1. Would you tally the residues in the stretch 289-348 being within 23 Å of Pro17 (Cα to Cα) and of a type in the set (Phe, Trp, Tyr)?
2. Restricting to the stretch 353-393, and then to whatever is under 30 Å from Arg317 (Cβ atoms) and out of contact with any helix residue (DSSP H, G or I) (no Cβ under 6 Å at 6 or more places or on another chain), can you tell me which residue is surrounded by the most Cβ atoms within 10 Å (Cβ to Cβ)?
3. Please give the number of the condition Leu224 fails out of (1) of a type in the set (A, V, I, L, M, F, W, C); (2) farther than 30 Å from Lys190 by Cα; (3) free of Cβ contacts under 8 Å to residues at least 60 places away in the same chain.
4. Applying the selection to the stretch 294-314, what residues are more than 30 Å from Gln361 (Cβ to Cβ) and either aromatic (Phe, Trp, Tyr) or in a loop (DSSP other than H, G, I, E, B) (or both)?
5. Taking Ala106 as the residue in question, decide whether it is small (Gly, Ala, Ser), more than 17 Å from the chain's Cα centre (by Cα), surrounded by fewer than 22 Cβ atoms within 10 Å (Cβ to Cβ) and closer than 23 Å to Gln150 by Cβ.
6. If the Cβ limit is 8 Å and pairs must be 6+ apart or interchain, which residue in the stretch 255-281 that is within 25 Å of Leu322 (Cα to Cα) and free of Cβ contacts under 8 Å to residues at least 24 places away in the same chain pairs with which residue that is assigned to a strand (DSSP E or B) and among the small types (Gly, Ala, Ser)?
7. List the number of the failed condition for Leu277; all other conditions in (1) at pLDDT 95 or above; (2) surrounded by fewer than 16 Cβ atoms within 10 Å (Cβ to Cβ) hold.
Amino acid sequence: MKSPIPALDKRNLYRFPWSLNDNPQGWVEVTDLCNLKCRGCYRQRLEGHKSFEAIKEEIQFLKKWRNVDNISLAGGEPILHPQIVDIVAYIAGQKLKPFMLGNGVAHNRQILIELRKAGLVGVGLHVDMHQNRPGWENKNELDLCALREQLADMVWEVGGISCNFNSTIYRDSLKYVPDLVKWAIRNSRKVQGYTFMTYRGALLDGSREYLVQGRNVHLDNESLGYALQQETREEISIMSTDVYAAIKAAVPEYAPSVYLGGTRKHTSFKWLDGVILCCNAKPLGSLGKKGMEFTQTAHHLIFGSYLIYLKKKSAGRIILLLSLVDAGVRAAFVRYIRNPLNIFRTVHSVGIGIVQAPDAQDGDVDMCESCPDITVFEGRLVNSCRLDEYRKFGDALTPSLTKGLGQAIVFAEVQAGTTDPVMAK
């Protein structure tokens, strides 16, 4: 008989100490052009490539007002920008860590070598079964592990760049999450992280109207890419806790150590992050609350900023020293020393992140507190997952319940103890 999945308790997790003005991540979208059309994409193609000068201004803005440790280059597909190597070199020249998100379609050995020489520290590759990826149509998440393996091998062969993956999780792909975590563990020598993002969108079902500064706006898929007319509430109601439970049931050694809550709901787990320690492609255990707190605090004391990405691919066996302060690492260390052959093997760490982006409330949206993915728009900081609202309407939308159907839905959700998740990446 399997042990019950332990419920998450915020008192047993470390809250990231990040804030609006002291946050390790800067998010810069260098283009809105892309070579894929993913389901639920939150970025429309309006402006094309940003100029190098505009990009440098955003980097300086984030460096001044966010105290960033890294710059995550996003889009669109950032590798398509004709000056992407120069952009990475500029970030490295600012003593920041350049990290590049993407889908891997245009990635090749030569461009990765150039980016590594320019100072790139890591890539985050988005691969999932609803991307309409040429040559991989109608493949499920297990089938796509062959593609992930190809991409991980390419990054590994280039050397000096960490390789991370991310996937949007839909109702029909939630069942594959445990296998994706197991795949990452088996490939922990080459794969440093995996992030799961629960599917969200602006639901157009007649229960809501959307306002900008009190003015009603008409929404459809043309006016906002993540406006959803066909999906049901069930389709976009997967919670971060659902993903956590799926992983924990299949990989008992996994445990998140840190979280970010919501801006409206005190029960929200908007970000859940954990670090699985592995040896010989098997899990030993997970970094705990105290280890994460020590790491964040020490990095801020020594370098003046909080931490989100390492420059090295893996911390190696040195991470076991955290057993002095962390019970989770202590348990992993005990498993490590049980096998004398492990002395000849290194310890790899795989970060497992779960993101549940914005959920609509009546008259507001439950956002990620201290959002790490904030970007710059017209001289102010805005949430990147809602950037198209600013680009199209000048400001963020306010969801407001209409009478009748909307009130009945909210009553039913309150009775069931669920949330109303209708806005996000």
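The values are calculated or read from the model by the stated rules, or taken from the named source; none is laboratory data. Owing to the predicted nature of the structure, the values given are computational and were not obtained by experimental measurement. Cβ coordinates were reconstructed from backbone atoms using ideal geometry, including for glycine residues, and neighbour counts include every protein chain displayed.
1. Adding up the residues that qualify gives 4.
2. Once the filter is applied, the top-ranked residue is Val355.
3. (3)
4. First pass over the stretch 294-314, keeping only residues more than 30 Å from Gln361 (Cβ to Cβ): 294-295, 297-305, 307, 309-314.
The answer is Phe294, Phe303, Gly304, Ser305, Leu307, Tyr309, Leu310, Lys311, Lys312, Lys313, Ser314.
5. Yes; evaluated as a whole, the condition is true for this residue.
6. none
7. (2)
One line per residue, one yes/no per condition, for (1) among the aliphatic types (A, V, I, L, M); (2) buried (at least 18 other Cβ atoms within 10 Å of the Cβ); (3) at pLDDT 85 or above:
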| residue | (1), (2), (3) |
| --- | --- |
| Arg208 | no, yes, no |
| Gln213 | no, no, yes |
| His266 | no, no, yes |
| Lys270 | no, yes, yes |
